[in-house]
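Read the figures in this text as sums done on the coordinates, not as results from a lab. Every value quoted in this text rests on a predicted model; they were computed, and no experiment measured them. All Cβ positions, glycine included, derive from the backbone under ideal geometry; neighbour counts span all protein chains shown.
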Amino acid sequence: MIVGVIGSGSIGPDLAYGFVSALASDSGSRVLLHDINPEALETGLARIQGYVKKGVDRGKLSPKAAAAISGKLTTTLDLNDLAECDYVLEAATEDLAIKKIILNNLEKVVRPDCLIGFATSGLPRTMIAAETQHPDRCFVNHPFFPAWRAMPMEVVLSDNTEYSEKMMETLKRLGKVPVETADVACFAADDIF
Ligand SMILES: NC(=O)c1ccc[n+]([C@@H]2O[C@H](COP(=O)([O-])OP(=O)(O)OC[C@H]3O[C@@H](n4cnc5c(N)ncnc54)[C@H](O)[C@@H]3O)[C@@H](O)[C@H]2O)c1
């Protein structure tokens, strides 16, 4: 599976590290972390390398697993590098206008059946998906903190059963426990908090 994460800020690198860890023994799989800011990519990569080192130092990661994780992760400033992705998680912004630009550019690059997730903290799926060419393959994927380790992930599904099942299976393969939630602003968990 080829996975893309857009946004190397507070949460993007953690999500990328969680995904690449889950795919470490999966031959052919890889994860790309994209940002428009080179410094953000450098900082994000350094954080991921720190997690890997800590894992090895504490005996939780074998050197072989650490090498597999590092070998499967690429950072890129070029959105076009996400062309082969099966799933892309956008974790760049809560600003709908900027999100629209990112999604429009992304949809020019990826296949029509590439699943797209939004790590939004509170924007409804219908509002974001309405800005896309293929709304049925777009999902809210609301992560929890710390995103590399927290297994639950709230998911707002679309009306398309095939894509929705594929979304749930994809998240499970990426080490998450997807929890279906209603498409209301801020979703269930934030509502409770
Ligand atoms: N931080 C959290 O704990 C948390 C938890 C749940 C959900 N989220 C959601 O995740 C998203 C990102 O949050 P964050 O806290 O990581 O934000 P952030 O501001 O820390 O990082 C955003 C990153 O996206 C990059 N970016 C901006 N425009 C871009 C573009 N056009 N293309 C590529 N990259 C671009 C920025 O350079 C920056 O590095 C938000 O929607 C937020 O609500 C965050």
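For the range 54-80, name all the residues that are within 22 Å of R173 (Cα to Cα), in a helix (DSSP H, G or I) and either in contact (Cβ under 8 Å) with a residue 60 or more places away in the chain or not hydrophobic (A, V, I, L, M, F, W, C) (or both).
Those that are within 22 Å of R173 (Cα to Cα), in a helix (DSSP H, G or I) and either in contact (Cβ under 8 Å) with a residue 60 or more places away in the chain or not hydrophobic (A, V, I, L, M, F, W, C) (or both): G55, K64, S70, G71, K72.
Filter the range 2-28 down to the residues that are touching a Gly at 6+ places or on another chain (Cβ under 8 Å) and among the hydrophobic types (A, V, I, L, M, F, W, C), then identify the one that is farthest from the ligand (Cβ to nearest atom).
Going through the qualifying residues, I end up with A22.
What's the number of the only condition in (1) over 15 Å from the mean Cα position of the chain (by Cα); (2) closer than 15 Å to S29 by Cα; (3) not small (G, A, S) that V88 fails to meet?
Of (1) over 15 Å from the mean Cα position of the chain (by Cα); (2) closer than 15 Å to S29 by Cα; (3) not small (G, A, S), only one is false for V88: (1).
Consider the range 34-60. How many of its residues are over 19 Å from D78 (Cα atoms) and either in contact with a strand residue (DSSP E or B) (Cβ under 9 Å, 6 or more places away or on another chain) or crowded, with 19+ Cβ neighbours inside 10 Å (or both)?
Total meeting the criteria: 3.
Select from the range 74-99 the residues that are of a type outside the set (A, V, I, L, M, F, W, C), more than 19 Å from V20 (Cα to Cα) and touching a Leu at 6+ places or on another chain (Cβ under 7 Å) and list them in ascending order.
The answer is E94, and nothing else.
Do the conditions hold for A40, that is, is it at negative phi, away from the ligand (no atom under 11 Å from the Cβ) and among the aliphatic types (A, V, I, L, M)?
no
Just checking, does the range 125-142 include any residue being in a loop (DSSP other than H, G, I, E, B), within 29 Å of A24 (Cα to Cα) and touching a Pro at 6+ places or on another chain (Cβ under 6 Å)?
No, there is no match, as no residue in the range 125-142 is in a loop (DSSP other than H, G, I, E, B), within 29 Å of A24 (Cα to Cα) and touching a Pro at 6+ places or on another chain (Cβ under 6 Å).
Tell me which residues, restricted to the range 138-168, are under 14 Å from the mean Cα position of the chain (by Cα) and more than 15 Å from the ligand (Cβ to nearest atom).
Correct list: M167, M168.
Search the range 93-140 for residues being among the hydroxyl-bearing types (S, T, Y) and in contact (Cβ under 8 Å) with a residue 60 or more places away in the chain, and hand back the single one that is surrounded by the fewest Cβ atoms within 10 Å (Cβ to Cβ).
Of everything passing the filter in the range 93-140, S121 is surrounded by the fewest Cβ atoms within 10 Å (Cβ to Cβ).
For the subset of the range 77-92 comprising residues that are surrounded by 13 or more Cβ atoms within 10 Å (Cβ to Cβ) and acidic (D, E), which member is farthest from D14 (Cα to Cα)?
Selected residue: E84.
Could you tell me whether V31 is crowded, with 19+ Cβ neighbours inside 10 Å, more than 9 Å from the ligand (Cβ to nearest atom) and under 22 Å from P152 (Cβ atoms)?
yes
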